[in-house]
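First comes the structure, then the notes that go with it.
Throughout, read-outs are computed from the coordinates displayed, never taken from laboratory work. Note that this is a predicted model, so its numbers are computed, not measured.
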C-alpha cells in the first residue's frame, strides 16, 4: 500500500439493513390512452408537470393539485423531402427557424432549481412524455447541425441520445417523487421471434433510461378498465418495483376524480407508507 497511512481515507461502509428508499422515481410505460397521465392525479401532494403533449392536459383539467408548463413543437417542417441517398434526389432547403420547445424547457427547469421558494412548493416533478421530449430534443439537434427538416444522421441520433439521458439523470436526481411517462409498442426479436413491449426511445436509451428509475409500471386499458402491472411478465420484461408485497396487477381506474388519491398509484403508495413523499 502506497502513501502515508495517516493520510489515507478511512472507509465507513453502511449496513444494508438500515437502508430505506428515500424517494421514488417512477417510469410509467404504455400506449396512448392507457391512463399514464391521469395517474398523476392520484399521487400525493402538489405536482409540477413539464408537458410535451397538448392532449395530455385533457386528462388533468380541473385538478388544483397540478401545475404545468407546456412545450409544443413550434417549428414543424412539412415540406416534402426525399429520403433517397441518390445524387439526383431532390431536396427542399430547411427553413432555418430555430425550434424553441426544448430550449424553453431547459431554461424553465434551470430556473426552477434556482428558485428555492417555488421548488419547495412541489412534492412531485413529472414529465409527459419522455417520447415527445425526445422529439423536441431531435428538433434542437437538427437545427444546431443545420439539418432541420432533413433525415437525422448518425451524429444527430448520438447527440439526441446523450441529451435525453443527461436530462433524465438530472430529473431523477431531484429530492422529490419523480413521475415520467413514456410510450411503448409491441416488437418482435429478429432472432428469437419473441414478442415483447419496448419503449419508443432511441437505441441504447431503451436500456439506459430504465436503469435510472426505482419503479417501472406498465399501463394497460381494456374498454373502461385500466390496469397497472407491477411485476414483469413475458411481454413486459422491464417492469419492476421497489415497493414490496405488491399484487402483480392493480386497478388503475379512478372512479371519483375528486378523490383521486384513493385510487391507483396513490392508494398503492399510501398503503405502502409513502403518503408523504418528502
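Note that the chain carries a Kirkwood radius of 20.8 Å, evaluated over its alpha carbons pair by pair. The equivalent ellipsoid of the range 131-184 has semi-axes of 25, 11, 8 Å, largest first, where each one is the square root of 5 times an eigenvalue of the Cα gyration tensor.
Taking max minus min of the alpha-carbon positions on each principal axis, the range 161-278 gives extents of 45, 35, 25 Å, largest first. Quick one: helix 130-144 against the long Cα principal axis of the chain, what's the angle to the nearest 10°, folded into 0 to 90? Tilt relative to the chain: about 40 degrees. Tell me the angle of helix 101-114 to the major Cα principal axis of the chain, expressed in degrees between 0 and 90 and rounded to the nearest ten. The two axes meet at around 30 degrees. Counting Cα-Cα pairs of the range 175-237 in 10 Å increments starting at 0 gives whole-percent bin shares of 16, 51, 28, 5, 0. When the chain is treated as a Gaussian network with alpha carbon springs shorter than 10 Å, the biggest mean-square fluctuation among 159, 126, 260 belongs to 159.
Helix 154-172 axis versus longest C-alpha principal axis of the chain: approximately 20°, rounded to the nearest ten. Highest GNM mean-square fluctuation among 25, 41, 231, for the chain modelled with Cα contacts below 10 Å: 231. Compute log10 of I(q)/I(0) for the range 218-264 with the Debye formula, placing one identical point scatterer on every Cα and leaving out solvent, at q = 0.15 Å⁻¹, to two decimals. Log10 of I(q)/I(0), two decimals: -0.43.
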